[in-house]
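Rule-based calculations on the coordinates, nothing more; no lab input. Since the structure is predicted, the reported quantities are computational estimates derived from the model, not experimental observations. Every residue, glycine among them, receives a Cβ derived from its backbone with ideal geometry; neighbour counts consider all protein chains shown.
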Amino acid sequence: MADLKALCAELRFGRIETYIASGNVIFDCDMPAVRVQAQLERRLLAHAGKTVGVFVRTASEMRTILKRNPFSDKEPGLTYSFFLNEKPRSDALNDVRGRDGEELCLGQREIYVYYPTGMGKSKLKIPAAKLATSRNLNTVAKLVEMSSRSSQS
């Protein structure tokens, strides 16, 4: 996480703050998200020697993800948002396999999943989320809280 913070500093991002050892970083910058993503991916490739996927959301987008959680009546630690880099196809959930009580719903550039017995015990396979990263809604809420302290949205 210290290396990630240093990479962001090299890119001249402001108010850089990381959250737990999970690759989550909050920062201020004036660049469009697509440019931020490309720059971070290039720097991470040079640093790690391999491709590292990057998913960028603005503070406003993170608030919307939390607000639009279709499983807000469920335990947030068992509810996940799979972050994608583009809008999922309308039929993206048709080829889900291994479902055993999990509930799924499409978002803007997310797939929400509620795991009633926990993600670790699930056999769920979501092909549309192959190139995604996920965070439980407790983490999303914490990132929203952190980003609210930011000077930009």
Where does each of VAL25, VAL34, VAL140 land when they are ranked from fewest to most other beta-carbon atoms within 10 angstrom?
-> VAL34, VAL25, VAL140
Dipole size in debye (nearest 20) for the range 2-56 around its Cα centre, Lys and Arg Cβ +1, Asp and Glu Cβ -1?
-> 140
Rounded, prolate or oblate (a/c below 1.5 giving rounded, otherwise prolate when a/b exceeds b/c) for the range 34-92 by Cα gyration tensor | prolate
THR64 versus ASP100, label points 7 Å from Cα toward the beta carbon: distance in nm?
-> 3.6
Relative contact order [Cα under 8 Å, 6+ residues apart], the range 2-56, whole percent | 27
Label point distance in nm, ALA48-LEU131, each placed 7 Å from Cα along Cα→Cβ | 1.5
By how many nm would the segment from ASP73 to ASN85 grow when fully extended, if each residue of separation counts as 0.36 nm and the alpha-carbon distance is taken off?
-> 1.7 nm
A correct fewest-to-most ranking of LYS123, LYS87, LYS5 by other Cβ atoms within 10 Å would be LYS123, LYS87, LYS5
Cβ-derived FRET efficiency at R0 25 Å, ASN138 paired with THR117, nearest 0.05 | 0.90
With a ≥ b ≥ c the root eigenvalues of the C-alpha gyration tensor of the range 59-147, is it rounded (a/c under 1.5), prolate (a/b larger than b/c) or oblate?
-> oblate
Here the averaged projected area of the range 2-56, based on the convex hull of its alpha-carbon atoms and given in nm², is 3.5
Over the range 59-147, what relative contact order in percent results from Cα pairs under 8 Å that are six or more residues apart?
-> 40
Taking the Cα centre of the chain as the origin and placing charges on Cβ (Lys, Arg +1; Asp, Glu -1), which of PRO76, ALA141, GLN37 is farthest toward the positive end of the dipole?
-> GLN37
Mean residue ellipticity at 222 nm from the helices of the chain, using -39,500 (n - 2.57) per DSSP H segment of n ≥ 4 over the full residue count, to the nearest 500 deg cm²/dmol?
-> -9000 deg cm²/dmol
Least to most buried among GLU103, GLU61, by other C-beta atoms within 10 Å and fewest first, runs GLU103, GLU61
Relative contact order (%) - the chain, alpha-carbon pairs under 8 angstrom, separation at least six | 24
